[in-house]
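Participant: The structure follows.
The values are calculated or read from the model by the stated rules, or taken from the named source; none is laboratory data. Quick caveat: nothing in here was measured; it's all calculated off a predicted structure. Reconstructed Cβ throughout: ideal geometry from the backbone, glycine too, with neighbour counts over all protein chains shown. Only protein heavy atoms, including side chains, enter the accessible area calculation; ligands, DNA and RNA are left aside. Shrake-Rupley method; radii C 1.70, N 1.55, O 1.52, S 1.80 Å.
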Amino acid sequence: MIQPEGSSRLSRYRRVFYGVSEIRAGWRLAIFLAIVIALTSATNLMVRRLLGGADATMLFLVREVMDLLIFLFVSFIMGRIEGRTIADYGLPWRKMFRAEFCRGVFLGFASITALLMVLRLVGVFHFGAIALHGAEIWKWAIIYALVFILVALREEFRARGYALFTISMGIGFWPAAILSSAYFGYSHHLNAGEDWIGLVNAGVFGLLACLLLRRTGNLWMPIGLHMAFDWGETYFYGVADSGNAPPGHLLNSTSSGPAWLSGGTVGPEGSVLCTLLLVVVWTICSGWFREVKYPAPQSRIAAVAS
């Protein structure tokens, strides 16, 4: 039976935009990014007008909150279009701050502690004296815990939330994870004092976070890992974090020696020993968590069908 010419054109048009069951992944990603860019531009303009005289800390916190809310809101919109929830994109609220998050916190603090101990053994790092006393210890510990929970939530969901899910539907999880991690590493290039080893390590950390997402089924363990590693660097041990060294640290630690080994202005993340640490942690986690849980089975079936 010969189809009418108009019907044939409509069919070709549909194949461009639709797979078997839904809008193709590339178009969904384009819609998502268009809304995110529009809302980000609007909120940046609003922040500049309303908080033009605010200090750098206030602006940082406001932008972190606004950016997280934008990505959550646009992911919610896309979920309504696709018949999915935020949990499908890696952030189930029912598992918030529960066992997987706690495992991530343990792994993150243990990782930064192990890295600094190795740096101490090779003579390029020195644990300093205690810099805080009394109530100041708990005040700064809580402040930095809250700040880094926000930072980890924002960075993990931004880099490994809706976009990673959608790209993986189009080209597969690990190719999408490589793209996501490359973006995550590059996104640190504007940090003060950052160098190429630090950028590479940020990208490798992104791959580790993708592995944990893949094997645990959600982002809560990567969020806990990310939060505790940053908290350990900035507050507990008092070292630079991606080139940033804010006040309020527990220890007055110092580094010396060649930057490629000590991390230099980047902090421990800029050391080649951090690269080795990430490989070791990857190996441990790969053996620890063996089952593939993300994306959910029904999502993997939909990806094959499209």
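Participant: For Leu190, all conditions in the list (1) closer than 30 Å to Val124 by Cα; (2) in a helix (DSSP H, G or I); (3) more than 12 Å from the chain's Cα centre (by Cα) hold save one; what is the number of the exception?
Facilitator: The one condition Leu190 does not meet is (2).
Participant: Still on this structure, please answer the following. Please go through region 71-103 and pick out each residue that is touching a residue at least 24 places away in the same chain (Cβ under 8 Å), touching a Gly at 6+ places or on another chain (Cβ under 9 Å) and either farther than 21 Å from Pro222 by Cα or outside any helix (DSSP H, G or I) (or both).
Facilitator: Selection gives Gly90, Leu91, Pro92, Phe97.
Participant: Being surrounded by fewer than 17 Cβ atoms within 10 Å (Cβ to Cβ), at pLDDT below 95 and not aromatic (Phe, Trp, Tyr): is that true of Leu45 here?
Facilitator: Yes: the conditions hold for Leu45.
Participant: Identify the residue in region 61-71 that is under 15 Å from the mean Cα position of the chain (by Cα) and open to solvent by less than 50 Å² (accessible area, probe 1.4 Å) and, among all such residues, is nearest to Val36 (Cα to Cα).
Facilitator: Result: Phe71.
Participant: To continue, here is another question. Any idea which of (1) open to solvent by 10 Å² or more (accessible area, probe 1.4 Å); (2) closer than 18 Å to Ala131 by Cβ; (3) acidic (Asp, Glu) is the one Glu233 doesn't satisfy?
Facilitator: Exception for Glu233: condition (1).
Participant: Hey, another quick one. Of everything in region 72-87, what is more than 19 Å from Glu155 (Cα to Cα), open to solvent by 40 Å² or more (accessible area, probe 1.4 Å) and among the small types (Gly, Ala, Ser)? Give them in sequence order.
Facilitator: Listed by number, the list holds a single entry, Gly83.
Participant: Then there's this: How many residues does region 234-275 contain that are closer than 27 Å to Leu61 by Cβ and among the hydroxyl-bearing types (Ser, Thr, Tyr)?
Facilitator: 6
Participant: Just to verify a result, which residue in region 282-297, among those that are touching a Phe, Trp or Tyr at 6+ places or on another chain (Cβ under 9 Å) and open to solvent by less than 50 Å² (accessible area, probe 1.4 Å), is modelled with the highest pLDDT?
Facilitator: Step by step, filter region 282-297, then rank; the result is Tyr294.
Participant: Of the conditions (1) at negative phi; (2) touching a residue at least 40 places away in the same chain (Cβ under 8 Å), Arg120 clears all except one; give me its number.
Facilitator: Checking Arg120 against (1) at negative phi; (2) touching a residue at least 40 places away in the same chain (Cβ under 8 Å), the one that fails is (2).
Participant: Determine which single condition Asn218 fails, assuming it passes every other condition in (1) assigned to a loop (DSSP other than H, G, I, E, B); (2) open to solvent by less than 20 Å² (accessible area, probe 1.4 Å); (3) within 19 Å of Leu116 (Cα to Cα).
Facilitator: (3)
Participant: Starting from region 1-30, take each residue that is modelled with pLDDT of 85 or more and list its partners that are among the polar types (S, T, N, Q) and in a helix (DSSP H, G or I), counting only C-beta distances under 7 angstrom and pairs at least six apart or across chains.
Facilitator: As it stands, the answer is Ala25/Thr166; Arg28/Thr166; Leu29/Thr166, since those pairs meet every condition given.
Participant: While we're looking at this one, here's another question. Which of (1) under 23 Å from Ala163 (Cβ atoms); (2) small (Gly, Ala, Ser); (3) surrounded by 13 or more Cβ atoms within 10 Å (Cβ to Cβ) is the odd one out, the single condition Ala54 does not satisfy?
Facilitator: With (1) under 23 Å from Ala163 (Cβ atoms); (2) small (Gly, Ala, Ser); (3) surrounded by 13 or more Cβ atoms within 10 Å (Cβ to Cβ) applied to Ala54, the lone miss is (1).
Participant: On the given criteria, is His189 within 16 Å of Gly267 (Cβ to Cβ) and open to solvent by 50 Å² or more (accessible area, probe 1.4 Å)? Let's see the steps before the verdict.
Facilitator: Values: within 16 Å of Gly267 (Cβ to Cβ): yes; open to solvent by 50 Å² or more (accessible area, probe 1.4 Å): yes.
Yes: the conditions hold for His189.
Participant: Within the group Gly90, Gly104, which residue is surrounded by 13 or more Cβ atoms within 10 Å (Cβ to Cβ) and on the phi > 0 side of the Ramachandran plot?
Facilitator: When all the criteria are applied, what remains is Gly90.
Participant: Assess whether Glu194 counts as being surrounded by fewer than 16 Cβ atoms within 10 Å (Cβ to Cβ), of a type outside the set (Phe, Trp, Tyr) and over 22 Å from Phe76 (Cα atoms).
Facilitator: Judged against the criteria, Glu194 is not a match.
Participant: Can you tell me which of Phe165, Phe157 is farther than 21 Å from Trp27 by Cβ, open to solvent by less than 20 Å² (accessible area, probe 1.4 Å) and either in contact with a Phe, Trp or Tyr (Cβ under 9 Å, 6 or more places away or on another chain) or touching a residue at least 60 places away in the same chain (Cβ under 8 Å) (or both)?
Facilitator: Being farther than 21 Å from Trp27 by Cβ, open to solvent by less than 20 Å² (accessible area, probe 1.4 Å) and either in contact with a Phe, Trp or Tyr (Cβ under 9 Å, 6 or more places away or on another chain) or touching a residue at least 60 places away in the same chain (Cβ under 8 Å) (or both) holds for just one of Phe165, Phe157, which is Phe157.
Participant: Could you figure out which of (1) part of a loop (DSSP other than H, G, I, E, B); (2) in contact (Cβ under 8 Å) with a residue 24 or more places away in the chain; (3) open to solvent by 20 Å² or more (accessible area, probe 1.4 Å); (4) at negative phi isn't true of Gly257?
Facilitator: Failing condition for Gly257: (4).
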